[in-house]
Amino acid sequence: MKYSILAESLNKMESTTKRLQLTQHLVELFEKTPGDVISKIIYLLQGKLRPDFEGIELGVAEKLAIRAISKSSGIAVKKIEQEYRKTGDLGQAATIILEQKTQTTFLVEDISVERVYETLFKIAKLEGARSQDMKMKYISSLLNDATPLEASYILKILLGTLRLGVAENTVMDALAIAYTGSKDNRKALEHAYNVSSDLGKVAETIASKGLKGVEDFEIEMFNPIRPMLADRVKSEEESIEKMGVEFAAEYKLDGERVQLHVEGEKVVLFSRSLENISEYYPDIIEKIPKVISADQVILEAEAVAINENTGEFLPFQELMHRRRKYKIEKAVSQYPITVNFFDVLYYNQKSCLELGYAERRKLLEKIVKEDDFAKHVPMTIVKTENDIEDFLENSINSGCEGLMLKMLDKPYQAGSRGNYWLKLKREYRNELGDSLDLVVIGAFFGRGRRTGRYGTLLLASYDDDTDTFTSICKVGTGFTDEYLDQLYQILSDKVTLKKNPRINSEMEADVWFEPELVIEIVASEITLSPIHKAAWDEIRKGAGLALRFPKFTGKIRVEKFAEDASTNEEVITLYKGQKKIAHDKSLM
Ligand code: AMP
């Protein structure tokens, strides 16, 4: 397949912010793509080479790319840097420079998607002393044969600056239209994506085996499953209303969610965002095979830091000490953990997702033998508000956050947040000062002490109907100097030239970011707002909801995706809840 087809399509997509148009461009691209190239196209579109969980990073520095452009064009490094400074985007700068150049040279050779992909793959795999020179050689040989437009998109992918703003849902819509003729078939694609977390593989399957192929998609070991998520409730009363007469309550532990794939001695661990985190937990890798009786199994657990002397659970922050590349052995002995199992998703070549919770729990208890290190998450069956209250009390007293409530007969819904699981946290009960997980979408430069960093952040909640991020408040309090530095560093990788099309904000920020980073916020109240877009028109026509006196709690939720942030539905529920309390108080 000619790479020019992809480059032209990327160019069209970059210049639109409308989801429908993006979908249309994708459909046209997919229709021109042969089945054996589609997975490569899917990864490249997302600026990747393989699904995230494989951890393959391109990691080419700007300096190296500039040298490669210079080598292939014969134009001085200084001149390229000048152009780069003007445009702020190296891909764009390369187009301008190479356009001037091609006027004086002969026609270039056609390059294919396969060649670009394979070369990028080789670059990603290079390591060691001579790797920089080799990388430069590969890049400049590609650029030699590329048109200016093609070169621009090769560079953007290499440098990780391709910002199309296409969500996975949009890609799946387009795949369904291109291969089955109807967007309605997206459900089948979603199923396949939820069990494989690999959109490229899903695309390849629909291209080669059609709809039936994706419907029959099966779980594979060492291929992470997208996690099931929980909605929240505020009180025992509401829990009973939503869950019915009898259901399970488990402790909600405050640790890191881990998906364990175990086959004999081989263990691979994935985080909630499906990153391979095996290297941070050598203790799990070593100890878990000994307590498992199964040939092949995929389990879910919460890894929690503990006080070794008392056995007490410690807060999530303690685990962050393990996020390091070196001296992990020391961190393992300094910050001991227990692994608390709460679900089984796959057992001896069979999916368990369709089994009801009660059956899965029984199976889990059979598979995992408890010892000092491996535990079953404490669970009880509850029927009344009193039962819940008691168990909640126990859970808080053991250092947990609250309870997870689970319907006994319901399946595991991979990749979705629904009503089969609910979370009840102590702090949610009857309070205005609820915490929300919000996405950082923009920032305003600071003054005084904050000069040179971001003084105020613009935050958004998630609208899962439209798959967009809606502005909900600006926040400037709760940040220590250390946090300001840390956030500035994290966010500098996420800066975009234009507002991502999935951001819905009337307010203009000084800087826009890819909607990726999630932070925790408390606020005094939720009010109607003529500016902020969260829950727009939902409570009142022409108004959205905003947070009053928001404050950063100090928790950067690295383990969360932007799509896991608080939804507008949750914000509306909190808004209505607070009105009810105000009303009840006024009656007292
Ligand atoms: P939240 O991050 O507040 O949306 O809560 C969901 C998270 O709670 C999950 O991703 C798990 O990491 C964690 N968790 C703790 N205990 C449990 C449990 N018993 N069942 C499921 N998830 C749990």
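Figures for the structure shown
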read-out: Relative contact order (percent, whole number), segment 436-586, Cα cutoff 8 Å, 6+ residue spacing; value: 27 percent
read-out: Normalised contact order of segment 223-335, rounded percent, pairs of Cα under 8 Å and 6 or more residues apart; value: 25 percent
read-out: Positive-end extreme of charge dipole, the chain - chosen from 578, 550, 379 (charges on Cβ); value: 550
read-out: Peptides 361-367, 570-576 ordered by average Cβ neighbours within 10 Å, highest first; value: 570-576, 361-367
read-out: Point-to-point label distance, residue 183-residue 208, nm (Cα→Cβ direction, 7 Å offset); value: 3.0 nm
read-out: Given 135/474; 474/560; 40/266; 266/366; 375/425, the pairs whose alpha carbons are separated by over 31 Å; value: 135/474
read-out: Sequence-distant residues sharing a close amide H with residue 504 (under 5 Å, placed H); value: 469, 470, 471
read-out: Using alpha-carbon coordinates, inclination of helix 131-145 to the longest axis of the chain, degrees; value: 60 degrees
read-out: Cut-off under 5 Å, modelled amide H: who pairs with residue 418 long-range; value: 229, 231
read-out: Sequence-separation-based contact order of the chain, relative, with Cα cut under 8 Å and 6+ spacing, percent; value: 12 percent
read-out: Angle between the chain longest axis and helix 77-87 axis [Cα atoms, degrees, rounded to 10]; value: 50 degrees
read-out: Helix-only [θ]222 nm of the chain, DSSP H runs n ≥ 4, -39500 (n - 2.57) each, per residue, nearest 500; value: -12000 deg cm²/dmol
read-out: Estimated vicinal HN-Hα couplings, Hz - segment 14-21 in sequence order (Karplus 6.51, -1.76, 1.60; Gly, Pro = x); value: 5, 9, 10, 10, 8, 4, 4, 5
read-out: Antiparallel DSSP beta bridges within segment 454-547, percent to nearest 5; value: 90 percent
read-out: In Å², nearest 10: area of residue 27 left accessible to a 1.4 Å probe; value: 10 Å²
read-out: Whole-Å distance, taken between Cα centres, linking segment 43-97 and segment 479-501; value: 22 Å
read-out: Unit Cα scatterers, Debye sum, segment 436-586: log10 I(q)/I(0) for q = 0.09 Å⁻¹; value: -0.26
read-out: Segment 481-537: trypsin sites (Lys or Arg not before Pro) in DSSP coil with no more than 12 other Cβ atoms inside 10 Å; value: 498
read-out: Rounded to the nearest 20 debye, dipole of the chain from Cβ charges on Lys, Arg, Asp, Glu; value: 2040 debye
read-out: Highest to lowest packing among 253-259, 111-117, scored as the average C-beta count within 10 Å; value: 253-259, 111-117
read-out: Per-residue ³J(HN,Hα) for segment 42-50, Karplus 6.51 cos²θ - 1.76 cosθ + 1.60, θ = phi - 60°, Hz, x for Gly and Pro; value: 4, 5, 4, 4, 8, x, 10, 10, 8
read-out: For segment 307-353 versus segment 133-173, the gap between their alpha-carbon centres in whole angstrom; value: 38 Å
read-out: Additional length obtainable on full extension of the chain from residue 222 to residue 330, 0.36 nm per residue less Cα span; value: 36.1 nm
read-out: √(5λ) per eigenvalue of the Cα gyration tensor, segment 1-132, largest first, Å; value: 26, 21, 16
read-out: Cα centroid of segment 3-28 to Cα centroid of segment 194-239, whole Å; value: 26 Å
read-out: Rounded FRET efficiency, nearest 0.05, which uses the C-beta distance separating residue 558 from residue 99 and R0 of 25 Å; value: 0.05
read-out: For residue 335, solvent-accessible area (1.4 Å; no DNA, RNA or ligand), Å²; value: 50 Å²
read-out: Percent of alpha-carbon pairs separated by more than 37 Å within the chain; value: 39 percent
read-out: In degrees, nearest ten, helix 568-587 long axis to first principal axis of the chain (Cα); value: 40 degrees
read-out: DSSP beta bridge pairing in the chain, given as percent antiparallel to the nearest 5; value: 85 percent
read-out: Set of aspartates and glutamates near residue 122 by C-alpha distance (under 14 Å), chain-local residues within fewer than 8 positions excluded; value: 57, 114, 133
read-out: 5 angstrom amide H check on residue 453, placed H, neighbours 5+ away; value: 446
read-out: Distance in nm between pseudo-label sites at residue 11 and residue 145 (7 Å out along the Cβ direction from Cα); value: 2.0 nm
read-out: Table column - 3J(HN,Hα) (Hz), segment 454-471, Karplus curve with 6.51, -1.76, 1.60, x for Gly and Pro; value: 8, x, 9, 10, 9, 10, 9, 9, 9, 9, 6, 5, 9, 6, 10, 10, 9, 4
read-out: Length gained when the stretch residue 86-residue 381 is fully extended (0.36 nm per residue, less Cα-Cα span); value: 99.8 nm
read-out: For segment 286-411, share of DSSP beta bridges that run antiparallel, in % to the nearest 5; value: 80 percent
read-out: Relative packing of 149-160, 50-61, 508-519, which averages over residues the other C-beta atoms within 10 Å, highest first; value: 149-160, 508-519, 50-61
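The values are calculated or read from the model by the stated rules, or taken from the named source; none is laboratory data. Because the structure is predicted, anything quoted here is derived from the model rather than measured. A quick note on method: Cβ atoms are made from the backbone with ideal geometry, for glycine too, and the neighbour counts reach across all protein chains shown. Each accessible area value is taken on the protein alone, full model and side chains, heavy atoms only, with ligands, DNA and RNA left out. Shrake-Rupley method; radii C 1.70, N 1.55, O 1.52, S 1.80 Å.
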